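The values are calculated or read from the model by the stated rules, or taken from the named source; none is laboratory data. For clarity, every value in this text was computed on a predicted model and none was experimentally measured. Note that each Cβ is placed from the backbone with ideal geometry, even for glycine, and that neighbours are counted across all protein chains shown. In case anyone asks, the SASA skips ligands and DNA or RNA and just uses the protein heavy atoms, side chains included. Shrake-Rupley method; radii C 1.70, N 1.55, O 1.52, S 1.80 Å.
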Number of protein chains: 4
Amino acid sequence: MDQLIIGGREFTSRLFVGTGKFSSNELMRKAIIASGTQMVTVAMKRIDMNNAEDDMLVHINQKDVQLLPNTSGVRDAEEAILAAQLSREAFGTNFLKLEIHPDPKYLLPDPVETLKATEALVKMGFVVLPYVQADPVLCKRLEEAGAATVMPLAAPIGTNKGLCTKDLLEIIIEQSNVPVVVDAGLGAPSHAAAAMELGADAVLVNTAIAISPDPEAMALAFKEATIAGRRAYRAGLGAQARHAAASSPLTSFLD
Amino acid sequence: MDQLIIGGREFTSRLFVGTGKFSSNELMRKAIIASGTQMVTVAMKRIDMNNAEDDMLVHINQKDVQLLPNTSGVRDAEEAILAAQLSREAFGTNFLKLEIHPDPKYLLPDPVETLKATEALVKMGFVVLPYVQADPVLCKRLEEAGAATVMPLAAPIGTNKGLCTKDLLEIIIEQSNVPVVVDAGLGAPSHAAAAMELGADAVLVNTAIAISPDPEAMALAFKEATIAGRRAYRAGLGAQARHAAASSPLTSFLD
Amino acid sequence: MDQLIIGGREFTSRLFVGTGKFSSNELMRKAIIASGTQMVTVAMKRIDMNNAEDDMLVHINQKDVQLLPNTSGVRDAEEAILAAQLSREAFGTNFLKLEIHPDPKYLLPDPVETLKATEALVKMGFVVLPYVQADPVLCKRLEEAGAATVMPLAAPIGTNKGLCTKDLLEIIIEQSNVPVVVDAGLGAPSHAAAAMELGADAVLVNTAIAISPDPEAMALAFKEATIAGRRAYRAGLGAQARHAAASSPLTSFLD
Amino acid sequence: MDQLIIGGREFTSRLFVGTGKFSSNELMRKAIIASGTQMVTVAMKRIDMNNAEDDMLVHINQKDVQLLPNTSGVRDAEEAILAAQLSREAFGTNFLKLEIHPDPKYLLPDPVETLKATEALVKMGFVVLPYVQADPVLCKRLEEAGAATVMPLAAPIGTNKGLCTKDLLEIIIEQSNVPVVVDAGLGAPSHAAAAMELGADAVLVNTAIAISPDPEAMALAFKEATIAGRRAYRAGLGAQARHAAASSPLTSFLD
């Protein structure tokens, strides 16, 4: 069996989905269903936490979906810990996507604050999925601190550039004892497939689905590509070759 | 409807499959079925043309499969035309994958002989699918000569390197009035998805499936990735961005 | 000795320069001198061929510079041959850069017409330097037809994208018995250096120098980078490695 | 003037050189001279610190060369601080390349320990040049902690892969107020040129020079390429274009 277990829960879908940038909640709902995802992240600050009937939440809470609140917008460990506590109370889940990005332009994660917050939140009983640079040493330290997964970025968020950090992701995947979820920058189903072919355990996609003219179809395409990439990884891919090698025998036709 | 029509026949599968390098005919048969392909190419020289019961052919001739004999091994237009005639007689089809490669090491196609042979074979009633460099001007000339498709290579055959010729494929796809089938060098499902996302009409895969430890699973993975890539192309992909853009609003968490 | 001989003449500079797009003849002249080039190409149609004192020509004809008229704008072999004859008469040189591009948008070369024209022009005594796709089979046929060099493109002209065709250029360089001059698409000195490191015999640069805010400085940068790349090729470059390897011994500091 | 000032000293060369892996001290000495470098890093553990006449040091101490001891081999901030103190005493310089890599296989830097050590060492009066991942947030924090430069890696050390982290380096360069020195993974002069074209302030090269069959020539090639890349950056490079654009006017030849 090809199991993915995070926080004691098994996931059969390896495509995690984000909820920003959709033009309507209804389009978002359709994309979530089409994606087959079982893990949906949502920015806490976007939800009215005093209102369990918040329309966005209603659209996210599909069957089998694990809600993954994220701390997008916090700037350091202290803010992250406060946000996590509010989140647990409001959403009734201890799953947490930890995002700490002091810089409002590129939204890149802070390695030091992320490690510090992970250490604290794990002790507080959270299932912590930290968003980080593709930094192999940091990923090992997060694992040692009790992170449930590591979520290294493929490319700066929202750029759609794909596996810019491929050489480092390979090292992270080779070394990790917790699931590796490739996050940020995956702009096309081929990028998701490529991440899975490398051996990633899952991928998280948001922008590429949300801004497509047809988010529902794009979500399905990412689902298919993620499955294809995982299947290829398990079947075994060939190495790249320097030289051509004929698919057919090299005898000439008229021999 | 998203139709692909070649030689008057409609194809619902956009994954074409080659038959070289499989370790057994039975593994090949299973891979063909798993791939969902409707177009299977086979090197004429590998078939005993006096024996319609050749075991390889029996394994290829699955339901809905169009046999696509190829001229692999011929060195010039003259040999290609002779091979094509033998092929039509033996296999009872006028579909022909035209491959002319004088160099036995890299098996790269000859543009001049390929154009010459295409002109002749079209007049002789063949449905010609020429294998060529990703050369936009040559592709236009083949189209003008009556080629049913053009089949530009992604990378040298057997290298598994993926879309090395991407910048030229984009121009070919933009300019072509016949289907563009990306051939050679696609070493992973993500490569097939990427070709389809560019707007290719189909892809041809052989080595990557045949040499996988599990050809049947790999064939299915290519099927899924090809469908995903086509779906994404039709849904509309976002452009790559220079700057990060938050999936979630940029207000800070504690505002 | 590291000789580059074309048409019986030895060149010590391996940077060829084009003359389009400069904002003034004076800036062009300074760039030519700064580049140290000994081979300068000019579009015949831009020169008043009845006037040997054409101001542009005066600025090109620096010491040691071989004028290389090009046929830019011709659409087939017939036009190319006519243009070549006019060129030889007007400029008094049998050096010729053969460019045949029927498509006015991407200006990509026509392989069939280029081979046909090369065969004819070589018989007429021209020193033919044909501009072509990075097509290894075509390059061999041009060599057999008597081309003095082959000039495969790195990327579509004017795109500044660098070595998009790297995988094919490597094959061309490995197989060629005539000098390989990488042409078109080299947008930065690092691209020129990379082409030389692959083993190219020379590079041709135009747009990247001409459109720089400081063409003279950019020409010098290309000169330096071309020399650096050639020097590195001759000294011997290391292969890329999958794994890190310490520059310093792996014993830990406190051992 | 194009000044590079680090630790109050001005450098006219932007190529820093490492001293590992040379097959002899004499070859190293020749390479250092040929490179024109003014900053040479040496692993402290490789030097006999009780012997100022250590043969390796004698070969490094060329005219105008700033010795840059590095802490290669230390595993955390505590070890780094101890090493730094020993270094200052032995070499009589407060320049320090801070390398903290707990993992002996890939030798990748630890972001948390590196920041901690930088904070301490700056207070102790060291001129700290920390080796780090291409992590823009970490680089800003190191700058705020008083680092004299940041030294983000281009690719895992010793891999010769070039600018794998290009997308992140661009952000670091855009945001940094201290010099950015691209370190590790630069395997060819074209890679050094490309880093300088991005706007890096300097590059550090070791393996590619040391393992070349001709280190002296390779050092000179890196010198030339670094100068070329800097010159091109200052002159202004054109952007990459999607479409071809003729170097010569688009009128056809016979108009």
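Only helical runs count toward this figure. For chain A, summing -39,500 (n - 2.57) over DSSP H runs of n ≥ 4 and dividing by all residues gives -12000 deg cm²/dmol at 222 nm. Label point of B:Glu78 (7 Å along Cα→beta-carbon): distances to the other copies' equivalent points are 2.8, 8.3, 8.7 nm, sorted ascending.
Please compute, for peptide B:154-161, the average count of beta-carbon atoms on other protein chains lying within 10 Å of each residue's beta-carbon.
For peptide B:154-161, the averaged partner shielding equals 6.
Placing dummy labels 7 Å off each Cα toward the beta-carbon, the span from B:Glu26 to C:Val65 is 7.3 nm. For the residues of C:181-189, the average number of beta carbons from a partner chain within 10 Å of their own beta carbon is 5.
For A:Thr118, the solvent-accessible surface computed with a 1.4 Å probe is close to 0 Å², ligands and nucleic acids excluded.
In chain B, the sites counted are trypsin sites (Lys or Arg not before Pro) in DSSP loop states with at most 12 other Cβ atoms within 10 Å, and the longest stretch holding none of them, exclusive of the sites, is B:64-241. With coordinates expressed along the principal axes, the C-alpha atoms belonging to chain A extend over 80, 40, 39 Å, beginning with the largest.
Using only atoms on other chains, find how many Cβ atoms lie within 10 Å of each Cβ of peptide D:140-146 and report the average.
So the per-residue partner count for this stretch is 1.
Straight-line reach from D:Lys105: taking Cα to Cα under 24 Å and skipping same-chain neighbours fewer than 8 places apart, the lysines in range are A:Lys140, A:Lys166, D:Lys21, D:Lys45, D:Lys97, D:Lys116, D:Lys161, D:Lys166. The Rg/Rh ratio for the stretch A:132-220, using Cα coordinates for both the radius of gyration and the Kirkwood hydrodynamic radius, is 1.00.
Comparing the full protein assembly with the isolated chain (1.4 Å probe, heavy atoms, ligands and nucleic acids excluded), the residues of the stretch A:222-236 losing at least 30 square angstrom of accessible area are A:Glu224, A:Ala228, A:Arg231, A:Ala235, A:Gly236.
What is the antiparallel percent of DSSP beta bridges lying wholly in the protein assembly as shown, to the nearest 5? Intermediate results must be reported in sequence, preceding the final value.
Values: 12 of 100 bridges.
Percent antiparallel among DSSP bridges in the protein assembly as shown is about 10.
Once both labels are positioned 7 Å from their Cα atoms along Cα-to-Cβ, the gap between C:Thr12 and D:Glu78 label points is 6.3 nm.
The largest-to-smallest principal axis extents of the Cα set in the protein assembly as shown are 78, 71, 47 Å.
D by Stokes-Einstein for the stretch C:181-230, Kirkwood Rh over Cα pairs, 37 °C, 0.692 mPa s: 316 µm²/s.
With Cα atoms defining each centre, the stretch D:92-161 and the stretch C:151-166 are spaced 37 Å apart in the structure.
Report the local net charge at D:Ile6: Lys and Arg +1, Asp and Glu -1, summed over other residues whose C-beta lies under 15 Å from its C-beta.
Around D:Ile6, the charge tally is -3.
Each copy carries A:Ile5; placing its label point 7 Å along the C-beta direction from Cα gives inter-copy distances of 5.5, 6.0, 7.4 nm, listed from smallest up. Put simply, chains D and A cover up around 2300 Å² of each other's accessible surface, both sides summed, when a 1.4 Å probe is used.
Counting protein heavy atoms only, the protein assembly as shown has 48 percent of its accessible area on carbon and sulfur, 1.4 angstrom probe. Considering only A:Leu98, A:Gly73, A:Phe22, the residue lying farthest towards the positive end of the dipole of the stretch A:10-235 is A:Phe22, judged by Cα position with unit charges set on Cβ. If you average the alpha carbon positions of the stretch B:27-47 and of the stretch C:14-41, how far apart do those two centres end up, in angstrom? So the two Cα centres are separated by 55 Å. Quotient of the Cα radius of gyration of the stretch B:1-129 and 2.2 N^0.38 Å, N being its number of residues: 1.05.
Solvent exposure of the stretch A:10-235, expressed per residue, is 30 Å² of accessible area, with all protein chains present and a 1.4 angstrom probe.
Residue and distance for the chain D Cβ closest to the axis that moves D onto A, in whole Å, come to D:Pro111, 2.
Once C-alpha pairs closer than 8 Å and six or more residues apart are averaged by separation and normalised to the residue number of chain B, the relative contact order reads 19 percent.
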